[in-house]
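The values are calculated or read from the model by the stated rules, or taken from the named source; none is laboratory data. Quantities reported herein were computed from a predicted structural model and do not represent experimental measurements. Glycine also receives a Cβ, built like all others from the backbone with ideal geometry; neighbour counts cover every protein chain displayed.
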């Protein structure tokens with residue numbers, strides 16, 4: 001075998017150094033990125049409700065809108081509305097007009113209705129329907145933004161105190 005057709009040792013050494021740098025860089029980047037997220041968790045999604053403290057009569061409704069920073073991208077985010085301690089059992093998505101939603105039984109703190117059309121996803125506005133009993137109630141909103149791998153990159157929540165009067 002002739003040595004004239006072989007690759008010089010210096011070229012092989014240089015290629016091995018380059019491969020080592022590439023592999024080392026990949027390992028460092030992977031360790032910094034973890035499993036796709038920061039070790040500090042998702043960034044804060046700021047949510048502001050309007051009105052921030054609604055007041056309305058019994059058996060009536062008010063439109064509540066949520067403004068987020070950053071803005072929610074369609075189909076890569078969620079917005080979950082709830083009333084008091086009832087999680088989402090007193091929240092409904094409706095295909096028609098949410099301002100005309102029928103009453104939800106078993107919701108003594110009132111209920112929430114929002115539209116579920118593609119143009120309203122995620123639901124950044126919802127109607128709160130007050131109960132038949134005057135009092136002070138809570139609306140909660142939780143939001144998330146996800147990346148292409150469905151990992152949460154932003155998340156946040158806020159509450160509004162609702163005052164329901166006798167009329």
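So the values come out like this:
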| read-out | value |
| --- | --- |
| Failed condition for residue 163, given (1) assigned to a loop (DSSP other than H, G, I, E, B); (2) more than 30 Å from residue 41 (Cβ to Cβ); (3) touching a residue at least 60 places away in the same chain (Cβ under 8 Å) | (1) |
| Enumerated strands (runs of 3 or more DSSP E) restricted to segment 53-147, each holding at least 1 residues that are more than 21 Å from residue 163 (Cβ to Cβ) and at pLDDT below 90 | 91-94, 111-115 |
| Of all residues making up segment 40-51, the number that are under 19 Å from the mean Cα position of the chain (by Cα) and outside any strand (DSSP E or B) | 4 |
| Selected residue (only one of 133, 95, 158 is assigned by TED's automatic domain parsing to the domain that holds residue 62, surrounded by fewer than 19 Cβ atoms within 10 Å (Cβ to Cβ) and touching a strand residue (DSSP E or B) at 6+ places or on another chain (Cβ under 6 Å)) | 158 |
